[in-house]
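Asks: Quick one: the structure is below, questions incoming.
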Amino acid sequence: MEFTFHDTTLTVTHPDAGALLRAAGARLTAGQGFALATINLDHLVKLRRDAAFCRAYAAQDFVVADGNPVVWLSRLARRPVGLVPGSDLVIPLARLARDAGRPVVLLGSSDAALAGAADHLRAVLPGVTIAASIAPPYGFDPAGDDARAILSRLAEIGPGLCLIALGAPKQERLAALGRVLAPQMGFASIGAGLDFLSGHQMRAPHWARAMAMEWLWRALQSPRRLLPRYAACAAILPGQAMAALRLRRQGPRS
């Protein structure tokens with residue numbers, strides 16, 4: 001599945017979690033870095049508006065579908081991909097890092113949330129190494145001096161896994177810069193994944209996710225913040241459906 005913005009085509013690189021984890025595991029074992037983004041409808045809204053965000057997405061090594069609308073659009077285009085929520089990748093990726101003997105860095109959110117997430121990872125993954133927990137200050141610029149100082153620190157750590165919980169577009173922009181300044185680190189942009197792990201945010205229950213109603217559950221929890229976002233997402237769906245139909249007419253990629 002692919003999406004085009006600002007004359008740049010962004011491709012969902014792996015069709016499911018298994019394929020992604022095999023690729024990430026191979027890189028962690030080899031001490032090679034990567035950048036992982038999990039594309040969803042909110043990202044598609046931001047990508048239309050933000051050329052810098054689009055460039056950061058184009059720099060990602062791995063992109064998977066984090067959101068049922070992206071999965072539905074891929075089926076409409078007859079280029080189907082499976083649902084791979086970023087929050088579901090936190091523990092599997094950390095397990096891969098542990099098994100490869102690589103440290104894990106937690107970056108984003110708050111000091112309290114990172115401490116809780118670190119405790120949870122140590123409990124469920126005995127032997128995992130948490131090399132650093134870094135909560136950037138309010139107003140953090142993912143291309144600024146603070147970002148470069150953080151990435152310099154990560155470069156000194158060497159090969160490892162950095163779980164970035166800054167939200168889009170900051171996390172993807174930081175990961176793209178990290179591929180240049182800390183090339184041995186694997187960067188995974190996982191949104192609220194660390195907050196869910198620590199209990200600082202409550203994830204939608206399994207029944208809501210199974211019914212593809214996580215968006216409604218979240219909207220009811222925070223309507224003032226999320227209803228405008230979801231309205232913007234709904235507004236782009238017709239155009240994205242038309243783009244998916246154009247891909248369908250082109251046939252599968254060779």
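The values are calculated or read from the model by the stated rules, or taken from the named source; none is laboratory data. Predicted model only: the values in this text are computed from it and were never measured. With ideal geometry, Cβ positions are generated from the backbone for all residues, glycine too; neighbour counts draw on all protein chains shown. For the accessible areas, the whole protein counts, side chains as well, though only heavy atoms, and no ligand, DNA or RNA atoms are used. Shrake-Rupley method; radii C 1.70, N 1.55, O 1.52, S 1.80 Å.
Asks: Past the 17 angstrom mark, what percentage of all C-alpha to C-alpha distances in the range 44-104 do you count?
Replies: Every Cα pair in the range 44-104 considered, those over 17 Å come to 59 percent.
Asks: Which percentage, to the nearest 5, of the DSSP beta bridges contained in the chain is antiparallel?
Replies: 15 percent
Asks: Can you give me the three principal axis dimensions of the chain from its C-alpha atoms, in Å, biggest first?
Replies: On the principal axes, the chain reaches 48, 42, 34 Å in Cα extent.
Asks: Report the rotationally averaged projected area of the range 26-73 based on its alpha-carbon convex hull, in square nanometres.
Replies: Reported value for the Cα convex hull: 3.9 nm².
Asks: So, one more: Going by a ≥ b ≥ c, the root eigenvalues of the Cα gyration tensor, does the range 98-198 fall in the rounded group (a/c under 1.5), the prolate group (a/b larger than b/c) or the oblate group?
Replies: Here the range 98-198 falls in the oblate category.
Asks: Now for a separate question. Roughly how tilted is helix 17-30, in degrees to the nearest 10 and between 0 and 90, from the longest Cα axis of the chain?
Replies: 30 degrees
Asks: Can you tell me which of 237-244, 181-188 comes out highest on packing, and rank the rest after it, using the mean Cβ neighbours within 10 Å?
Replies: 181-188, 237-244
Asks: Here is a follow-up. Of all accessible surface on the chain at a 1.4 Å probe, what whole percent is carbon and sulfur?
Replies: Carbon and sulfur atoms account for 54 percent of the accessible area of the chain.
Asks: Given contacts defined as C-alpha pairs under 8 Å and at least six residues apart, what's the relative contact order of the chain, whole-number percent?
Replies: 24 percent.
Asks: What accessible area per residue comes out for the chain, rounded to a whole number of Å², with a 1.4 Å probe?
Replies: Per residue, the chain has 46 Å² of solvent-accessible surface.
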